[in-house]
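**Q** My questions all concern the structure below.
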Amino acid sequence: MKIGYYPGSFDPITFGHLDIIERGAKLFDKLYISISVNPNKKTMFTPEERVQLVRDVIYYLPNVEVVTSSILTVEHCKMLGASHILRGLRAVTDYDYEFQITNFNRRLSSEIDTVFLMTEGQNSYLSSSSVRELAYFNGDVTPFVPLVVAEAIKQKIKNSTLR
């Protein structure tokens, strides 16, 4: 069984992430979406909220499971039996970063490989941070995130001190 592992902060999940998840779900028998937990990083959503949002978005993909992780990616892959790390690429700048991380991960664990998927062209500029910034300035995020996520962002901004 081929098991993939797609790590990220997903703060929030975007249509770019969803594109990679849907295509990754076709490549692997099982695909873990790993929500990174870093207490030193300021996020819009808590890890629990991010897990729930991703679950709400990918409910129709039976071979995809959402987990959290606060350990090294390769270590979590080993624990879950994942043989491949799935990463999305938007532009050359992503490649430079991912190239370094991939080589580092291969040094840590040569039996875990990385698979890259280029995101669809309409998502090539899209990032979670740009969605957060747009939302912060009362912009319409619905072209960039699923409706359930757009609503959660709206509520989060309305009910918090993010503004």
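**Q** Just to be sure, is VAL66 within 18 Å of VAL149 (Cα to Cα), surrounded by 16 or more Cβ atoms within 10 Å (Cβ to Cβ) and touching a residue at least 12 places away in the same chain (Cβ under 8 Å)?
**A** Considered against the rule, which asks whether it is within 18 Å of VAL149 (Cα to Cα), surrounded by 16 or more Cβ atoms within 10 Å (Cβ to Cβ) and touching a residue at least 12 places away in the same chain (Cβ under 8 Å), VAL66 comes out as yes.
**Q** Is it the case, given these coordinates, that SER160 is modelled with pLDDT under 95 and within 21 Å of MET44 (Cα to Cα)?
**A** Here the answer is yes, as SER160 does meet what is asked.
**Q** Determine whether the range 77-85 contains at least one residue that is part of a strand (DSSP E or B) and in contact with a Gly (Cβ under 7 Å, 6 or more places away or on another chain).
**A** For the range 77-85, residues part of a strand (DSSP E or B) and in contact with a Gly (Cβ under 7 Å, 6 or more places away or on another chain): present.
For (1) touching a His at 6+ places or on another chain (Cβ under 9 Å); (2) at pLDDT 95 or above, each residue gets a yes or a no:
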residue: PHE10; (1), (2): yes, yes
residue: ILE20; (1), (2): no, yes
residue: LEU27; (1), (2): yes, yes
residue: LEU31; (1), (2): no, yes
residue: SER34; (1), (2): yes, yes
residue: LYS41; (1), (2): no, no
residue: ASP56; (1), (2): no, yes
residue: PRO62; (1), (2): no, yes
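**Q** Quickly run through the range 52-68 and pick out the residues that are within 12 Å of SER9 (Cβ to Cβ) and out of contact with any Pro (no Cβ under 7 Å at 6 or more places or on another chain).
**A** VAL54
**Q** A further question on this structure: Working only within the range 64-76, note down all residues that are part of a helix (DSSP H, G or I) and either of a type in the set (S, T, N, Q) or touching a Gly at 6+ places or on another chain (Cβ under 8 Å) (or both).
**A** Passing the criteria: only THR73.
**Q** Find the residue count for the range 102-123, including only residues that are without any contact (Cβ under 8 Å) to a residue 12 or more places away in the chain and assigned to a loop (DSSP other than H, G, I, E, B).
**A** Here the count works out to 1.
The values are calculated or read from the model by the stated rules, or taken from the named source; none is laboratory data. Predicted, not measured: the structure shown is a model, and the values here were computed from it. Virtual Cβ from ideal backbone geometry, glycine too; neighbours counted across all protein chains shown.
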